[in-house]
Amino acid sequence: MVRAEGLTFYYERLDEEGNVESKKRAVDHVDLHIRPGKFIAILGHNGSGKSTLAKHINAILTPAEGTLWVDGMDTKEEEKLWDIRQDAGMVFQNPDNQIIGTVVEEDVGFGPENLGVPTDEIWKRVEESLDAVGMLKYRHHSPNKLSGGQKQRVAIAGVMAMHPRCIVLDEPTAMLDPNGRKSVIQTAQRLNREEGITIILITHYMEEVVEADHVFVMDEGRVVMEGSPRQVFSQVEELKKLRLDVPQATLLAFELQKRGVRLPDGILRNEELVDELCRLKSKM
Amino acid sequence: MIRDITLGQYYPAKSVIHRLDPRVKLVTTMIFIVSLFVAKGIMGYLVATLFLGAVIRMSKVPFGYMTKGLRAIVMLLMITVIFNLFLIDGDFVLWRFGFLRITDKGLKTAVFMAVRLIYLILGSSVMTLTTTPNDLTDGLEKLLGPLKRLHVPVHEIAMMMSIALRFIPILLEETDKIMKAQIARGADFETGNLIQKAKAMVPLLVPLFISAFRRANDLAMAMEARCYHGGNGRTKMKPLHYQRRDRAAYAVVWGYFVLMIAVKWSTSYYAVMWL
């Protein structure tokens, strides 16, 4: 679905005459291979290059070195630009700054309108996508009156209406309250499970990553760790060095392990921890 | 006060007016505004009042909601009324105090001027309250369509307008937030003369502009990510087609306009009798 080889990107700082003053490497020789239908998470603290990487997948940025293919299409090919953007939709961080329409359904229709989809088909798609994110009953509402989580779900519906095979969510929950966060992540998970859409979730909240199929951890533009959530979170010390938090259950299990409680590695959820502790207790 | 501006705020309801084609509403608003300047004498304003009243009634928008838009022009209204009231010479002096005096003509002009301004705002509010900004810009785009041949970027203008309308409430909220933040830091927006007040606006406007530019940048990226590439090859979710009710509305509006002109003629003919 998405494949990157040696992907590198610089942010250039220009002086007043427009000469390059300094170059900052935002993404540094990243190799990725994401298979269709997977739920992928990309983790990293601020400035780790994860958002820059995300913008490459939607061809908003094109690589300075290396190549990125989306569904076999090279993002550097200008004539494929709209196909790539239709194929890999993108949801951004700030819900207010990505809703174009003044009524929910008009906003969802914006993408298909741009693609030149016939009118009847647009209506069908709008209905389907709003239904898929559970926002159908708000179709006539003004986006200004929705909560942050609802706005983000409308934004996801707007992308869904373009019938993408992959959705990149760039820190979609960073500005939301816990309830909104949960609803957005659950929506993404459902789309992945039921519609088979590849989800690439970029975040720094560890709890959102637990259910992912594969996790990439980025630091200073490089992919420094990857694997299943269980593999990644069992390396608590390394994650701490990267200034990332692990889920609370994992952290507690890790601290208990250090004190000599015999728990297995890679506990992710509260329930798992409870089960393991009960098992230990019954053995005593 | 800035929160009271209703212009560009859609009020959702199910009424005939809401369902009308936006082109009809745009043309109607234009005709109504022109008719206000054509209007002469009490009869003319009576017809305009009846027309406006009927439209407001049919729109199902609460009257109180509609008059919110008027609060923003109170100052303008007061100035207009006061100037007309005191500065127009007439045949009879009704009231005198020092150099101030009110004449019959001054009073008449002041009242008519005020009514005209209020109707102007109410008339355009009916349009913006019953039409989503997107419909409005779609209507405008289609009405101005012929200008495309003269290389006027009609689609781009319409898109810019609809985005501007969408961001009015967001930026108002932001202004409010920044204002409170600056007040909490000891900024003073209330006291001082005009120049001091204008200077006090700087710490409000600078962050507002910065944030507006940042939003514009984000929005442009979001639009591109959703394949926006100008008006070419774009289809419409809600294409505009005239229905029977639109044609009927046109007939009513033109009928109203003809009536207004007729009233104007007859009043100038019987001018002496009317007032």
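The values are calculated or read from the model by the stated rules, or taken from the named source; none is laboratory data. These numbers were taken from a predicted model, which means no experiment stands behind them. Heads up, the Cβs are rebuilt from the backbone with ideal geometry, glycines too, and the neighbour counts pull from every protein chain shown. SASA here: full protein model, heavy atoms, side chains in, ligands and nucleic acids out. Shrake-Rupley method; radii C 1.70, N 1.55, O 1.52, S 1.80 Å.
Figures for the structure shown
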quantity: Sole residue being surrounded by 15 or more Cβ atoms within 10 Å (Cβ to Cβ), at pLDDT below 85 and basic (Lys, Arg), chosen from A:ARG13, A:ARG25; calculated: A:ARG25
quantity: All positions within segment A:197-211 that are farther than 18 Å from A:SER51 by Cα and either modelled with pLDDT of 90 or more or among the aromatic types (Phe, Trp, Tyr) (or both); calculated: A:ILE197
quantity: Verdict on A:THR173 being surrounded by 19 or more Cβ atoms within 10 Å (Cβ to Cβ), more than 21 Å from A:GLU194 (Cα to Cα), more than 8 Å from chain B (Cβ to nearest Cβ) and among the β-branched types (Val, Ile, Thr); calculated: yes
quantity: In segment A:147-160, residue nearest to the other protein chains (Cβ to nearest Cβ) [restricted to those that are of a type outside the set (A, V, I, L, M) and buried (at least 16 other Cβ atoms within 10 Å of the Cβ)]; calculated: A:GLY158
quantity: Among residues of segment B:146-163, those that are touching a residue at least 24 places away in the same chain (Cβ under 8 Å) and open to solvent by 30 Å² or more (accessible area, probe 1.4 Å), counted; calculated: 3
quantity: Sole exception among (1) surrounded by fewer than 17 Cβ atoms within 10 Å (Cβ to Cβ); (2) more than 24 Å from B:LEU140 (Cβ to Cβ) for B:LEU107, by number; calculated: (1)
quantity: Test: residue in segment B:231-239 that is outside the structural domain of B:SER59 (by TED's automatic domain parsing) and at positive phi; calculated: yes
quantity: The lone exception for B:PHE86 - which of (1) open to solvent by 40 Å² or more (accessible area, probe 1.4 Å); (2) part of a loop (DSSP other than H, G, I, E, B); (3) in contact with a strand residue (DSSP E or B) (Cβ under 9 Å, 6 or more places away or on another chain) it fails; calculated: (2)
quantity: Selection from segment B:36-69 of residues that are closer than 19 Å to B:THR128 by Cβ, at pLDDT 85 or above and among the hydroxyl-bearing types (Ser, Thr, Tyr); calculated: B:SER59
quantity: Top-ranked residue in segment A:148-202 [being touching a helix residue (DSSP H, G or I) at 6+ places or on another chain (Cβ under 7 Å) and hydroxyl-bearing (Ser, Thr, Tyr); ranked as farthest from A:ILE40 (Cα to Cα)]; calculated: A:SER183
quantity: Residues located in segment B:232-242, provided they are more than 7 Å from chain A (Cβ to nearest Cβ) and either part of a helix (DSSP H, G or I) or open to solvent by less than 90 Å² (accessible area, probe 1.4 Å) (or both); calculated: B:LYS238, B:LEU240, B:TYR242
quantity: Tally, over segment A:125-146, of residues that are open to solvent by 30 Å² or more (accessible area, probe 1.4 Å), out of contact with any Pro (no Cβ under 9 Å at 6 or more places or on another chain) and either outside any helix (DSSP H, G or I) or within 11 Å of chain B (Cβ to nearest Cβ) (or both); calculated: 3
quantity: Scope segment A:86-101; condition open to solvent by less than 30 Å² (accessible area, probe 1.4 Å) and touching a Gly at 6+ places or on another chain (Cβ under 9 Å); matching residues; calculated: A:GLY89, A:VAL91, A:PRO95, A:GLN98, A:ILE99, A:ILE100, A:GLY101
quantity: Search result, residues across segment A:15-46 that are over 27 Å from the mean Cα position of the chain (by Cα) and of a type in the set (A, V, I, L, M, F, W, C); calculated: A:VAL20
quantity: Search result, residues across segment A:149-167 that are over 14 Å from A:PRO112 (Cα atoms) and either in a helix (DSSP H, G or I) or free of Cβ contacts under 8 Å to residues at least 40 places away in the same chain (or both); calculated: A:GLY149, A:GLN150, A:LYS151, A:GLN152, A:ARG153, A:VAL154
quantity: Per-region count, segment B:207-231, residues more than 9 Å from chain A (Cβ to nearest Cβ) and either open to solvent by 80 Å² or more (accessible area, probe 1.4 Å) or of a type in the set (S, T, N, Q) (or both); calculated: 4
